[in-house]
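> Questions regarding the structure given below will be posed in turn.
The values are calculated or read from the model by the stated rules, or taken from the named source; none is laboratory data. A quick note: this is a predicted structure, and the numbers were derived from the prediction, not measured. Reconstructed Cβ throughout: ideal geometry from the backbone, glycine too, with neighbour counts over all protein chains shown.
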Amino acid sequence: AQSVTQLGSHVSVSEGALVLLRCNYSSSVPPYLFWYVQYPNQGLQLLLKYTSAATLVKGINDFEAEFKKSETSFHLTKPSAHMSDAAEYFCAVSLGNTGFQKLVFGTGTRLLVSP
Amino acid sequence: ETGVTQTPRHLVMGMTNKKSLKCEQHLGHNAMYWYKQSAKKPLELMFVYSLEERVENNSVPSRFSPECPNSSHLFLHLHTLQPEDSALYLCASSQKPGGTGELFFGEGSRLTVL
C-alpha cells in the first residue's frame with residue numbers, strides 16, 4: 001500500500017524567503033504524486049501533480065516540486081514566499097484510477113509567513 | 001456553475017437533529033467522495049461512490065448515511081450525531097476509470113454539533 005509522510009506540521013518563513021515543504025512517499029509501483037493547498041475555511045485546491053512526464057513539475061503561484069525516485073521524495077518549493085501563501089499544504093499519492101484506488105494524503109504542513 | 005459545490009457551507013445542529021449535506025459536481029465525473037477533516041487529524045475518507053458502486057470506510061459510524069442518486073449529486077445524511085462529529089466535511093469528485101486519481105474538491109461544509 002502507498003503512503004505519504006510530510007515532515008514538519010508547521011513551517012515558518014519570512015516574506016521573500018525560500019519555501020521548502022517536505023514530502024516522502026512509499027509505493028510499490030511508480031506513483032502519481034500531488035500537492036494540494038487549503039486556505040482557511042476552504043476546500044483543497046490542486047497546486048501541481050507528477051504523472052511521470054517530467055520530474056520537475058511546475059504549478060500555480062510559482063510553486064514547483066521535483067520527483068526524486070532515488071530519495072522517494074516530492075518536496076514542494078517556491079523561491080520567494082508571499083503573505084498570501086500562508087495556508088495548509090497536503091502531499092498525496094495515488095496509484096492511478098484503477099478500481100477504487102484513491103488518493104492517500106499526508107497529515108499536512110501549515111505554512112506561516114511573517115512580514 | 002462549475003466545479004464542485006457544497007451546501008450548506010455552515011451547519012449547526014443538536015444531537016437529536018436530522019440534517020443533510022449536499023454536494024453537486026459539474027465536471028462530468030463519475031466518482032464522488034466524502035472526506036472528514038478534523039482538527040489535527042489526517043483527512044479521513046468516509047465514502048466513495050463510483051459507477052454506481054459504493055465503498056465505505058468501515059470505521060464510519062452508522063449515524064452517517066450517504067446517498068448518491070446520480071453521478072452528479074451526493075448527499076450525506078446526518079442523524080443523532082455526537083459533538084466529536086464536528087468537523088469540515090469535504091466532497092470531491094474524479095473520473096474513473098483512467099486518469100491519475102486526481103480529486104477535485106468542494107469548499108466544504110463546516111459542521112458543529114452541540
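Per-residue answers, yes or no, for (1) within 28 Å of B:ARG9 (Cα to Cα); (2) within 14 Å of chain B (Cβ to nearest Cβ):
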residue	(1), (2)
A:ALA1	no, yes
A:THR5	no, yes
A:VAL13	no, no
A:PRO30	no, yes
A:PHE74	no, yes
A:LYS102	yes, yes
A:THR107	yes, yes
A:LEU111	yes, no
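> Also: Can you spot a residue in segment A:21-30 that is in contact (Cβ under 8 Å) with a residue 24 or more places away in the chain, closer than 19 Å to B:LYS36 by Cα and outside any helix (DSSP H, G or I)?
No, the conditions are met nowhere in segment A:21-30.
> For segment B:1-24, how many residues meet the condition of being more than 10 Å from the chain's Cα centre (by Cα), in a strand (DSSP E or B) and within 12 Å of chain A (Cβ to nearest Cβ)?
3
> Going through segment B:49-64 one residue at a time, which ones are modelled with pLDDT of 90 or more and surrounded by 15 or more Cβ atoms within 10 Å (Cβ to Cβ)?
Selection gives B:VAL60, B:PHE64.
> As an exercise: evaluate B:VAL55 against (1) assigned to a strand (DSSP E or B); (2) of a type outside the set (S, T, N, Q); (3) touching a residue at least 60 places away in the same chain (Cβ under 8 Å) and give the number of the one condition it does not meet.
Here B:VAL55 meets the rest and fails (3).
> Return the residues of segment A:33-71 that are touching a residue at least 40 places away in the same chain (Cβ under 8 Å), surrounded by fewer than 16 Cβ atoms within 10 Å (Cβ to Cβ) and either hydrophobic (A, V, I, L, M, F, W, C) or more than 11 Å from every other protein chain (Cβ to nearest Cβ) (or both); say none if nothing qualifies.
A:GLU71
> To continue, here is another question. If a residue has to be part of a loop (DSSP other than H, G, I, E, B), more than 8 Å from every other protein chain (Cβ to nearest Cβ) and closer than 25 Å to A:TYR32 by Cα to count, how many in segment B:79-111 make the cut?
0
> Right, another one. So B:THR5 clears everything in (1) surrounded by fewer than 19 Cβ atoms within 10 Å (Cβ to Cβ); (2) of a type in the set (S, T, N, Q); (3) without any contact (Cβ under 8 Å) to a residue 40 or more places away in the chain except one condition, right? Which one?
Single failed check for B:THR5: (3).
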